[in-house]
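The values are calculated or read from the model by the stated rules, or taken from the named source; none is laboratory data. This is a predicted model, so every value here is computed, not measured. Cβ placement follows ideal geometry from the backbone for every residue including glycine, while neighbour counts extend to all protein chains displayed. Surface accessibility is based on the protein's heavy atoms, side chains included, excluding ligands, DNA and RNA. Shrake-Rupley method; radii C 1.70, N 1.55, O 1.52, S 1.80 Å.
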Amino acid sequence: MSIKFPPQSVDRVLIFDTTLRDGEQSPGASLNVDEKLTIARQLARLGVDIIEAGFPFASPGDFEAVQRIAETIGTESGPVICGLARTTRADIEAAAKALQPAFYRRIHTFIATSDIHLEYKLKKSRADVLAIAPEMVAYAKTFVEDVEFSPEDAGRSDPEFLYQVLEQVIAAGATTINIPDTVGYTTPNEFGGLIRGIKENVPNIDQAVISVHGHNDLGLAVANFLDAVKNGARQLECTINGIGERAGNAALEELVMALYVRRQYYNPFLGRSPQLEEPLTNIDTRQIYKTSRLVSNLTGMLIQPNKAIVGANAFAHESGIHQDGVLKNKRTYEIMDAQLIGLADNQIVLGKLSGRNAFATRLKELGFELTETELNKAFVRFKDLADKKKEITDWDLEAIAKDESQAVDVNGYQLEFVQVSCGDHAQPTATVTIRTPQGEELTDAAIGTGPVDAVYRAINRVVGLPNRLIEYSVQSVTAGIDAIGEVTIRLQEGDRIHSGHAANTDVIVASAQAYMNALNRLYRVLEQRSPQVESTIEATDTDVVELV
Ligand code: KIV
Ligand code: ZN
């Protein structure tokens with residue numbers, strides 16, 4: 001069995017999450033396989049219908065990630081696992097192989113259809129595309145029943161040509177046709193009109209689900225999708241926090257909450273009675289906030305405070321008039337309850353006397369599956385935290401668990417010791433001891449403009465990897481003076497960005513660990529850069545950047 005949503009069965013809006021594919025193409029957002037698995041697990045908990053797990057042909061790392069997600073998350077009760085492929089046999093074969101372990105699997109194949117892409121990028125004619133696209137859909141169909149086809153840059157393609165391509169690929173077996181606004185150029189009315197045109201002019205359109213995919217270059221991606229839903233789109237391709245190429249993709253949380261809060265407005269467009277309360281998507285909205293934080297922490301892509309739904313200020317009322325109104329009746333200034341996105345689920349759950357069992361059980365409830373070693377290490381950190389902080393909340397536990405699942409590089413550089421001295425009459429000085437991947441323990445010291453600068457300089461003296469720190473941020477996990485500080489950093493080497501994240505009640509320790517984390521990612525990349533690997537990765541990266 002490999003098809004979960006035959007076109008005729010779709011009576012709601014399917015959520016296709018591409019955080020791990022298009023989202024991961026954001027500069028510096030690259031994730032390792034374990035981090036991708038952690039996110040995929042949370043996406044399944046969130047209730048997404050389809051996870052686009054990666055682009056298997058792009059690199060061995062992508063292949064492995066898709067395969068492991070297919071194995072672990074692609075169960076009978078889980079989501080559809082999808083892999084991206086250009087319309088080439090090699091891409092399709094790689095996707096089919098990586099997806100093999102999943103119960104529900106989908107190959108998503110694409111080729112550009114706009115004249116500008118055909119002329120300058122692909123150097124192909126319309127006739128070429130009309131030949132290649134159905135042939136490759138039919139080829140993908142020999143591996144899986146569930147095939148999605150995207151005419152890249154559909155938003156700038158000639159609609160008449162698009163209709164022909166779509167008719168042909170549906171005839172060849174495509175079960176979903178996805179309409180991408182690749183460069184974020186269209187406006188809501190135009191995009192909705194494009195979907196309506198497809199519904200009216202592609203004769204066999206009832207044999208496929210219409211999907212939409214869009215980038216946010218003009219800040220219109222979500223609005224475009226909502227218009228598309230009104231005109232017949234039943235699958236939305238989106239990412240958590242809207243991360244993705246350039247200005248990003250349509251944000252999952254915004255789409256889902258718009259369709260939830262305004263469901264009575266959207267109901268009739270799906271042929272439902274206007275008063276129906278039942279949500280239009282399958283998303284468990286209470287998982288939204290947690291998913292958003294997880295993705296932000298692991299990718300190092302911070303969320304702007306005024307970001308809709310998940311920004312720090314999204315539910316904060318600053319002005320006196322608003323506060324007064326909300327106290328009298330929440331609905332005066334709030335269109336949705338913070339609890340709906342899981343924001344208020346911040347209970348005090350454990351304390352100093354809680355045992356390992358209670359700790360492990362709560363982590364499991366929160367969705368963390370740590371190995372025995374990770375759990376032991378996390379429990380030591382929990383006890384340590386409980387000594388400093390009386391009340392331990394779910395957010396604290398998450399910070400510990402996420403840190404544990406990210407701090408995985410046991411074979412990389414390990415921070416053994418960090419100490420700083422600073423003050424208004426002292427020169428900030430740091431001493432660090434680091435265990436190298438070869439097992440040697442090295443100690444060095446440095447002075448800096450501040451304590452974090454001193455620590456980073458000392459670490460650099462030992463590790464010696466070329467890099468430039470381009471972003472440093474510290475946020476508190478919960479309120480209060482004893483809160484855990486979460487540090488996220490991004491560093492650059494050449495044209496690649498690497499992120500690191502760590503949490504600790506001591507922000508200097510968190511800063512040092514976050515830096516080590518990013519340096520280890522950089523180290524892995526440099527280590528793999530044998531001349532042969534480098535040329536393969538570069539060729540593929542260029543292709544991907546150009547094509548997607
Ligand atoms: O933006 C785009 O066109 C894409 C396609 C591969 C769907 O990401
Ligand atoms: Zn895209």
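Observations
- Listed by first and then second residue, the pairs with beta-carbon distance under 8 Å, at least 6 apart or on different chains, first residue in segment 176-189 and under 25 Å from Q207 (Cβ atoms), second within 14 Å of ligand 2 (Cβ to nearest atom) and in a loop (DSSP other than H, G, I, E, B), are P180/D153; T182/D153; T182/V548.
- Flag for A258 being of a type in the set (G, A, S), surrounded by 18 or more Cβ atoms within 10 Å (Cβ to Cβ) and more than 16 Å from ligand 2 (Cβ to nearest atom): yes
- Output for segment 471-484, where each listed residue is at pLDDT 85 or above and either crowded, with 19+ Cβ neighbours inside 10 Å or closer than 14 Å to A29 by Cα (or both): E471
- Looking only at segment 170-179, and only at residues there that are open to solvent by 10 Å² or more (accessible area, probe 1.4 Å) and of a type outside the set (A, V, I, L, M, F, W, C), the one that is nearest to ligand 2 (Cβ to nearest atom): T175
- Hits in segment 248-295 (condition: among the hydroxyl-bearing types (S, T, Y), out of contact with any Pro (no Cβ under 9 Å at 6 or more places or on another chain) and farther than 15 Å from I15 by Cα): Y266, S273, Y289, S292
- Some residue of segment 252-266 being assigned to a loop (DSSP other than H, G, I, E, B), under 23 Å from E24 (Cβ atoms), under 14 Å from the mean Cα position of the chain (by Cα) and within 16 Å of ligand 1 (Cβ to nearest atom): no
- Of all residues in segment 4-60, those satisfying the criterion of being closer than 11 Å to P79 by Cα and either open to solvent by 10 Å² or more (accessible area, probe 1.4 Å) or away from ligand 1 (no atom under 16 Å from the Cβ) (or both) are K4, F5, A40, R41, L43, A44, R45, L46, G47, V48, D49.
- Taken across segment 18-31, residues that are within 28 Å of I489 (Cβ to Cβ), among the charged types (D, E, K, R) and without any contact (Cβ under 8 Å) to a residue 40 or more places away in the chain do not occur at all.
Let's see how each residue does on (1) open to solvent by less than 10 Å² (accessible area, probe 1.4 Å); (2) under 18 Å from the mean Cα position of the chain (by Cα):
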| residue | (1), (2) |
| --- | --- |
| G74 | yes, yes |
| R89 | no, no |
| E93 | no, no |
| R106 | yes, no |
| E135 | no, no |
| A140 | yes, no |
| V147 | yes, no |
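- Some residue of segment 241-249 being within 16 Å of ligand 2 (Cβ to nearest atom), open to solvent by less than 20 Å² (accessible area, probe 1.4 Å), small (G, A, S) and at negative phi: no
- Residue in segment 321-329 that is within 27 Å of D34 (Cα to Cα) and in a helix (DSSP H, G or I) present: no
- Filter result (open to solvent by 70 Å² or more (accessible area, probe 1.4 Å) and hydroxyl-bearing (S, T, Y)) within segment 111-133: Y120
- The residue that is farthest from the chain's Cα centre (by Cα), counting only those in segment 76-87 that are touching a residue at least 24 places away in the same chain (Cβ under 8 Å) and assigned to a loop (DSSP other than H, G, I, E, B), is T87.
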